[in-house]
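The structure appears right after this line, and notes come after that.
The values are calculated or read from the model by the stated rules, or taken from the named source; none is laboratory data. Everything numeric here is computed off the predicted structure, so don't read it as measured data. All Cβ positions, even for glycine, are placed from backbone atoms using ideal geometry, and neighbour counts span all protein chains on display. Accessible surface is based on the protein model in full, side chains and every heavy atom, while ligands, DNA and RNA are left aside. Shrake-Rupley method; radii C 1.70, N 1.55, O 1.52, S 1.80 Å.
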Amino acid sequence: MGRISCIPRLRAMLAVFIVSCLLAPAGHAEEGERIDDIRIEGSKRIAASTVRSYMDLKSGDAITPGMIDRALKSLFATGLFADVTIRKEGPVLIVRILENPIINRIVFEGNRRIDDDILRDEVKLRPRVVFTRSRVRSDAQRIMEIYRRSGRFSASVVPKVIQLPQNRVDLVFEIQEGELTRVRKISFVGNKQFDDGDLREVVQTKESAWYRFLTSDDNYDPDRLTFDRELLRRHYLASGYADFRVVSAIAELTPDKKAFFVTFTVDEGQRYKFGKPEVRTELKNLDLDQFRERLPIKTGDWYNADEVEEAIGILTDEVGELGYAFVDIRPRVRRDRESRTIDVTFSIQEGPRVFVDQVEISGNVRTLDEVIRREVLLLEGDAFNTSKLRRSRQRIRNLGFFERVNVENKPGISPDRTVVDISVSERSTGEVSLGAGFSSTNGPIADIGLKERNLLGRGQYFNLGLQVGAKVDQIDLSFTEPYFLDREVAAGFDLFRTARDLQEESSFDKESIGFGLHTRYSVSEKISQSWKYTLREDDVSDVPSNASAAIKEQEGDFVTSSIGHRLFFDNRDSRRSPTDGYFVELENTLAGFGGDSQYLRNQVRSTKFIEITDGWIMNLGGAGGHILGIGDDIRIIDRFFLGGTFLRGFEQSGVGPRDLITNDAVGGNWFYRGSVGLTFPLGLPNEFGIEGRVFSDAGSLGENDSSIASITDTGSLRMSVGAGLLWSSPLGPMNLDFARAIIKESFDQTEVVRFSVGTKF
């Protein structure tokens, strides 16, 4: 095995020079000499006729030095030959060739971090392909680029060849992967309004630290550095610095190639406030005053480019709903550098009449086209609408199937046609999980689950879960088809069995087994409605002799057949981490279609989110419910219970009607609760995932059907205040709350600390 040695171009030039000297003696170089034959020597795999065809020379030609030069260049350009010499013996031209070998196999050695399959897909050479040194150098460089993209700038690649019989070779890429090239320091030059620490939180690239072992953001990535420039620009433009620019972003590699020093040089410019926002248009029947009221821009506020974009979206939607499918809204910005204000005028003009020519989808390897296409609000032949384009992008993102979603329009076959181009990058939607955790309510818990949110690429949801704990055992199977019978209606079924230990709260155990059929559909973009039929058998057992008489009379098993209805309005900006908006949910359940229970249960809940300032989110929430027995008293397992997570400072089922002799919670027929909270950053790095919160909860539970004298039911207000921590830890989400009940009854069960932590392996 020996190193590949490059043949300098000088050698070929020297051969041309020697041949020229031999074939062009003084006085005859210009005219050339006629040859009678062209003899090919050294050909083994390549036919002599093929070699002659590359040279563009034939017997009887008058050969000049220029023709020889062109013949040599043509032969080398084929990539088939390692060496070529041409000499003249009398009237015969002798061409001596050395064929490049054929690659027998390609081997990668030393690669532990990147699989052979990935490297094999990247290199251009393949077995049974002609070996050339230039291609080997190119492939070695491609492998180096792969390692650099993965953060290993100290990696080295040495190609070697093993000579085999019959002019074949094995090509071996010896790889030294090296260590990850970390970002040791991030510095900023020219920043006065934001210190280095603030700006390090803005950029995605992070400085290397021991606690970043679960992220690669501290690995140097030139593409990420380019994105960081854009993040800095957005940050300053959202803070009023309309003249901001990134002068340079330089990454310097240390001599040992183990780390980078990154330096951003910025020019902040002046800070501006909004002047008077204005809306102008020549379109008829538009109430401009109404549009001005909807603008999120207020005179005197700091200039914010994000609010300008938001205003364009609001105006586009408003005008589109009035029947103007073709509009062009452009913000015209006028800076007043003396007063440091920016006047923004939104010009609404009728845009060109453009129709959708095609909807093209790419990047979906597993997900079927129809799953994506049915979320697109623009179809072939529709009038193009930027608002629908934006909403389509959000609908596709809401599926949760894709890591990246890019939706844009491109020119079509004519000026009045456009192509909606949808490019996605899929993420894993399946999950096989083992879990462990602990909570104040259920104690230690272990679970195993199989979940697929995009079954067979059809967008179907499948879940099979098993949970075993100190106080709860549960197994459930569910399946949902999001477009049942090719309509925008989701339908599916549930099978379940649940066993709960409620001895501590109410002195009984409960087991439920049953199945359900459910359907859901959208009433509008923000309103969904669902229905569910449930048939279940409940068993109240293990009631001790010293339990409340109200519980003893409930012992046994019985069947419930019910129909449930749910209406949900969602106006939040994000389902997972909302910072603005609210939701309202109304649930109704009617039991009595056979079975042993007859009742009507109604519940409503709502939460509003308000972003006070960056990272400071206030939430205002409330809920209430009532259950009405139809002909019979309400069974204990159908009643409401309050406490724990929904009324912090009180134990689970710690509030409401209670048997004072046995201290058993017996539940109530109505409840209400409310909460106000503020979540805020603690000044720690964002990747820690730790936030603080303060809160106050209030609520009550009342009205029990039992006539037992020892049951106390006041229905009075309870209230608590507290503070806590939320941590997205490597072991799973953790919640730790400290609360104190400030309004309570003497028989209520209170607690100070409530926490839970869980993980998925």
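Figure legend: label point modelled 7 angstrom from the Cα of SER710 along Cα→Cβ; residues of region 657-676 with amide N under 11 Å from it are 659-664.
In this rough spin-label picture, where each label sits 7 Å from Cα along the Cβ direction, the LYS258-SER74 distance is 5.7 nm.
When you count the other C-beta atoms within 10 angstrom of each residue and take the mean per peptide, 654-663, 133-142 line up highest first as 654-663, 133-142. Anisotropy class assigned to region 171-311 is prolate, per the alpha carbon gyration tensor with a/c at or over the 1.5 cut-off and a/b larger than b/c. The mean sequence separation of alpha-carbon pairs under 8 Å and at least six residues apart, normalised by the residue count of the chain, gives a relative contact order of 5 percent. How big is the gap, in Å, between the Cα center of region 473-532 and the Cα center of region 139-158? So the two Cα centres are separated by 51 Å. For a paramagnetic label modelled on GLN503 (point 7 Å from Cα along Cα→Cβ), amide N atoms under 11 Å away belong, within region 459-483, to 471. Could you please state how large a percent of the accessible area of region 480-614 is carbon and sulfur, counting protein chains only and using a 1.4 Å probe? For region 480-614, the apolar C and S fraction of the accessible surface comes to 52 percent.
Annotation note: GluC sites (Glu not before Pro) in region 260-359 located in DSSP loop regions with a Cβ neighbour count of at most 15 within 10 Å are GLU282, GLU338.
Spacing of the modelled spin labels on PHE747 and ARG397, each 7 Å from Cα toward Cβ, amounts to 5.2 nm.
Surface composition of region 62-111: carbon plus sulfur atoms hold 54% of the accessible area, using a 1.4 angstrom probe and ignoring ligands, DNA and RNA. The share of accessible area on region 151-193 that comes from carbon and sulfur is 45 percent, using a 1.4 angstrom probe.
Full extension of the chain between ASP306 and ASN571 gives 93.5 nm of extra length, using 0.36 nm per residue less the Cα-Cα distance. What does the charge add up to near ARG292, with Lys and Arg as +1, Asp and Glu as -1, over the other residues with Cβ less than 13 Å from its Cβ? Spelling it out: positives minus negatives among the neighbours equals -1.
With no solvent and one point per C-alpha, what does the Debye sum give as log10 I(q)/I(0) for region 627-685 at q = 0.19, 0.24, 0.29 Å⁻¹? The Debye formula, applied to the Cα set alone, gives -0.78, -1.03, -1.22. The alpha carbons of the chain give a radius of gyration and a Dmax of 37.3, 134 Å, in that order. Computed over neighbours whose Cβ is under 11 Å from that of ILE175, the net charge equals -1, Lys and Arg +1, Asp and Glu -1. Within region 537-603, the GluC sites (Glu not before Pro) that combine a DSSP coil assignment with at most 15 other C-beta atoms in a 10 angstrom radius are GLU553, GLU555.
Between the C-alpha center of region 212-289 and that of region 375-423 there is a gap of 26 Å. Near GLU338, once Lys and Arg are set to +1 and Asp and Glu to -1 for all other residues with Cβ below 15 Å from its Cβ, the sum equals +3. Rounded to the nearest whole angstrom, the semi-axes of the ellipsoid equivalent to region 552-622, taken from the Cα gyration tensor as √(5λ), stand at 38, 14, 9, largest first. In this model, which of LYS526/LYS608; LYS124/LYS160; LYS185/LYS258; LYS185/LYS206; LYS160/LYS258; LYS532/LYS608 are farther than 18 Å apart at the alpha-carbon? Over 18 Å Cα-Cα: LYS160/LYS258; LYS532/LYS608. The residues of the chain have, on average, 53 Å² of accessible surface per residue, using a 1.4 Å probe with all protein chains present.
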